[in-house]
Amino acid sequence: MAKKPDIFDEYLKLYEDEILQEEARIRQQCESNLTDEEDNELDNPDTPESVTAAERLIDSY
């Protein structure tokens with residue numbers, strides 16, 4: 001005899017779906033933020049990070 005789905009199981013499935021959707025949204029936002037930071041570094045080469053990288057490059061010669 002098949003077990004009748006419990007209301008708890010139904011809510012659990014709904015929350016699992018919501019959590020997965022939220023995780024995907026957060027992951028996409030983080031990836032977007034990283035891309036924005038990389039673009040910003042290319043657009044503004046005088047940022048301290050870029051200056052430090054340039055100094056290391058010069059020192060390597």
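The values are calculated or read from the model by the stated rules, or taken from the named source; none is laboratory data. These numbers were taken from a predicted model, which means no experiment stands behind them. Ideal geometry is used to build each Cβ from the backbone, glycine not excepted, and the neighbour counts take in all protein chains shown.
Regarding segment 49-61, can at least one residue be identified that is modelled with pLDDT of 75 or more, surrounded by fewer than 10 Cβ atoms within 10 Å (Cβ to Cβ) and either under 27 Å from the mean Cα position of the chain (by Cα) or not in a helix (DSSP H, G or I) (or both)? Yes, because at least one residue in segment 49-61 is modelled with pLDDT of 75 or more, surrounded by fewer than 10 Cβ atoms within 10 Å (Cβ to Cβ) and either under 27 Å from the mean Cα position of the chain (by Cα) or not in a helix (DSSP H, G or I) (or both). What residue, among those in segment 1-31 that are among the charged types (D, E, K, R) and under 20 Å from the mean Cα position of the chain (by Cα), is modelled with the lowest pLDDT? Filtering segment 1-31 for residues that are among the charged types (D, E, K, R) and under 20 Å from the mean Cα position of the chain (by Cα), the one modelled with the lowest pLDDT comes out as Glu31.
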